[in-house]
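Worksheet for the structure shown next.
The values are calculated or read from the model by the stated rules, or taken from the named source; none is laboratory data. Only a predicted model underlies this, so the values are computations on that prediction, with no experimental measurement involved. Reconstructed Cβ throughout: ideal geometry from the backbone, glycine too, with neighbour counts over all protein chains shown. Quick note on the areas: whole protein, heavy atoms, side chains included, nothing else; ligands and nucleic acids left out. Shrake-Rupley method; radii C 1.70, N 1.55, O 1.52, S 1.80 Å.
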Amino acid sequence: GDEGEAWSFAIAQLAGSNAFVAFAMPDSVLFRSTYLHVATDLLLPALMLGLASIAIRIATNRLVLRWIYYLQRMAVAYSRGHYAVRPSVLAAAPDEFRLLGETMENMASAVHERDRSLRDAVAQKSTLIREIHHRVKNNLQIVMSLLSLQASQLRDTTAREALRDTQ
């Protein structure tokens, strides 16, 4: 070109004649759309991949992760003995999570009931142990009284001392 610009050209023969057709254009104009196509061909898949990743993350959070985190918080509460926590929020969850929450609630109720029955059993056993201790103490007191009566009726000092040692 006049200004030192590069040009590209093409020549083609017309069918069956000695006539030719030629076409010429500056390279900067000729390849401008090609650069745009190459850029979009490279960037568009990357953009689509990024948007798909964001959509998957949002959907996973909404459909799965929030329910898993909620169930995890329920499990922590149950492990700390807070059995009154009920999975009321799971009513809006998918069926699988709702079923898992109900199962966890049933397990917590069973553990709570078992703990209550164990506490009742321990309290009953403690009462029985106190009663047995009281009876043994009374029986030993009776034995002591009998030994004392027996010792007071003995004239032999050696036998009396043996009974006092036994007491």
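Any idea which of Val29, Val21, Val76 is under 47 Å from the mean Cα position of the chain (by Cα), on the phi < 0 side of the Ramachandran plot and of a type in the set (A, V, I, L, M)?
Val76
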Next item on the list: Search segment 19-36 for residues being touching a Phe, Trp or Tyr at 6+ places or on another chain (Cβ under 8 Å) and either aliphatic (A, V, I, L, M) or part of a helix (DSSP H, G or I) (or both), and hand back the single one that is most open to solvent (accessible area, probe 1.4 Å).
Entry: Ala22
Notebook entry, point to check: Looking only at segment 66-85, which residues are under 18 Å from Asp115 (Cα atoms) and in contact with a helix residue (DSSP H, G or I) (Cβ under 6 Å, 6 or more places away or on another chain)?
Noted result: Tyr78, Tyr83, Val85
